[in-house]
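A short worksheet on the structure shown next.
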Amino acid sequence: AAIEDEFNVRRIRADVEVQFATGDSSILPSYFIYPESKFEYWIIGIGDSVFTKKVEKKREVRRREISGTIDDALYLSIGRAGGTQGLAMSLVEVYAWTIDFFRLQKGDAFSVIYEEEYVDDTTYIGLKRIVAANLTHVGNDFYAFPYENELGFDDYYDEEGRSLRKTFLRAPLNFTRISSRYSGRRFHPVQKRWKAHLGTDYAAPTGTPIMSTADGVIIAAKYTSANGNYVKVRHNSTYTTQYLHMSKIKAGIQNDVRVKQGDVIGYVGSTGLATGPHVCYRFWVNGKQVDPYKQKLPDAKPLEVNRMAAYKSYIASLKQELDAL
């Protein structure tokens, strides 16, 4: 078989160190080893017989525990406690429906049990999963435990078996700051006059992905002089959301396209009436624009009653570990 049947030589990258090996009675190399990633490599025969073999290194899973208080940005506080930015991002994903990370306060706390993957004893591959977590926000505990849902996939639930997932994400993008809140009267920075601001502005670097906060259908994806590039999503007969000032709308996003919660629909920019890169997030309930942070958003399904006893038995020791950190 030709070498390209398994390994495409065009995938070889510049500046990647390879190892050559010779046979017992030859000074010419008979094969070389090409590392494709931290945990995979190829053995490629180049002597009398041409062959390829892909090898995956054995991964070691290590359990970790960290805890700490939040003094500034979540990822900085996680880092000081010994965690990675990847762990901070995963926590944001777990609590995306439950906690408004733009309103974390100094003195809030976290405790996390998680698993990391390593190869060659010391080479870090990445976060495998969060085993259990608790975020204390304004004196309230928010526990999270992964458990298989009715579809056979792990979802996160609190200590009472209630899903952390809601029908809407709390924000359309990660790790930014709110630069302007929903207000009945705000001085417009471009038009230089007082007017209502019926949206929430999230400042972020140009190009930051913008996500649909819930499942729905695209009903507008275009440009206007005021809104710039924007996308509008109808979620059902009650809820509609809109995302303004994009640098560009994602390819394929157009009228009548269905999107899922968390799907990227565009990228942060400053098109239209905007002084800097941000997304203006607008939220309608029954045709009226409202402040999304003042809405009680519907929850996803809790665990089934007949599975609750097994779930509570499973999380009991994990909760004790978290509380002891």
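Quick look at the values:
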quantity: Correct option for Rg and Dmax of the Cα atoms in Å [calculated from the coordinates] among (1) 20.0, 61; (2) 24.9, 86; (3) 18.8, 57; calculated: (2)
quantity: Principal-axis tilt of helix 85-94 within the chain, Cα atoms, nearest 10 degrees; calculated: 50 degrees
quantity: Acute angle (nearest 10 degrees) that the helix 308-324 long axis makes with the longest principal axis of the chain, alpha-carbon atoms; calculated: 80 degrees
quantity: Cβ-Cβ FRET estimate between residue 76 and residue 103, R0 fixed at 22 Å, reported to 0.05; calculated: 0.85
quantity: 27 Å Cα-Cα threshold exceeded, pairs from 222/288; 222/296; 106/294; 222/260; 58/312; calculated: 222/296; 58/312
quantity: Cα centroid separation, the stretch 41-106 to the stretch 212-235 (Å); calculated: 32 Å
quantity: Contact order normalised by residue count of the chain, Cα under 8 Å, 6+ apart, percent; calculated: 13 percent
quantity: Amide H contacts under 5 Å for residue 204, placed H, 5+ residues apart; calculated: 278, 279
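Read the figures in this text as sums done on the coordinates, not as results from a lab. Please read these numbers as outputs of a predicted model, since none were measured by experiment. Counting neighbours? That spans all protein chains shown, and the Cβs are built from the backbone with ideal geometry, glycine included.
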